[in-house]
Amino acid sequence: MLAVALALAASACWGVADFTAGVKTRRLPVPVVVLVVQGVGAIWVVGAVVATGEPFPDGAAVRASVLAGLAGAAALGALYQALAIGTMGVVAPISATGVALPVVVGVATGDQLSAVVSLGLALAVAGVLLASRERHEDAGRASAGRLSIALALAAALGFGAYFVLADVAADASVLWLLLLARLAVVPLLAALVVKGPAVRPVRGDAALLALAATLDVSATGLFALATTEGALSVVAVVGALYPVATVLLARVLLHERLQPVQLAGVAAAFAGVALIVAG
């Protein structure tokens, strides 16, 4: 029961963090948002590394952590932009289908697909197709909607790559994975911010983005703790429900409404993600 509670807390933290960062991306450049989220997260992880005295990992783990950081940051940027220009209730569930990539990699390296995972993949694909069937009032909004779907799929691919690489690095050290992944992208993001438009977060923006970063790091820690308290098959399914919080916040605070076919697509995407992780 404790493991499920921790995983639920993790999924809620991830969902709220995504919603907050996505809303802020509507007025701030993506590199600024991702830089603050990654930078503040790095500060928290540095404290954890110092407090625990975690030993530095070997070269293979370091390389995997750096590559995971690059993939994860690119995925976050795509997700935040998609959330900013599209319908959050559609974008968030599509981005969660990235859990399918580790399955595909596993099959390519000799794993066998179970019936449950196969059904999950089929549902996820059907969910993406149905959720993307959105009607728009004009050509401009239709174009933004199509772009948001493409970005959500790109985010899913990036998150999937992160999962694959993080699995390699986490065997050595979860904390160093989180720290090295962030340190690998902070300088690149800072360079993009310096070269970009002269836009800086105001006090309220910085505070909310710092909150998003704290929630993101907290979710990772809660999820890791949940895996030590219960079965990974259960914890992973619950943790993968993070888009639920994003969808609910968008419905309550932004008054988003989905068409019936989109609701069916979102439900299918959620079910597919759950089956993929459970399998």
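The numbers here are math on the coordinates, done by the rules we state, and not lab data. Remember, it's a predicted structure, so these values are computed and weren't measured experimentally. Cβ coordinates were reconstructed from backbone atoms using ideal geometry, including for glycine residues, and neighbour counts include every protein chain displayed.
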Where in the chain are the DSSP H helices whose C-alpha atoms run 30 Å or more along the long axis and whose mean Kyte hydropathy is at least 0.5?
2-24, 30-52, 59-85, 139-170, 174-195, 203-229
Take the chain, connect every pair of alpha-carbon atoms lying under 10 Å apart with a spring to form a Gaussian network, then pick out the residue of S173, S114, S218 with the largest mean-square fluctuation.
S114
Set Lys and Arg Cβ to +1 and Asp and Glu Cβ to -1, take the dipole of the chain about its Cα centre, and tell me which of V117, W44, L208 lies farthest positive.
L208
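So, with +1 on the Cβ of K and R and -1 on the Cβ of D and E, and no other charges, what is the size of the charge dipole of the chain about its Cα centre, to the nearest 20 debye?
Working: 14 positive and 13 negative charges, 186 e Å.
Here the size comes out at about 900 debye.
Fewest Cβ neighbours within 10 Å first, please rank I276, I149 accordingly. Intermediate values should be presented prior to the final figure.
Working: I276 26, I149 22.
By the 10 Å Cβ count, ascending: I149, I276.
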Mind jotting down the distance between the C-alpha centroids of segment 49-115 and segment 1-31, whole Å?
15 Å
V104 to S118: extension gain in nm, 0.36 nm per residue of separation minus the Cα-Cα distance?
4.0 nm
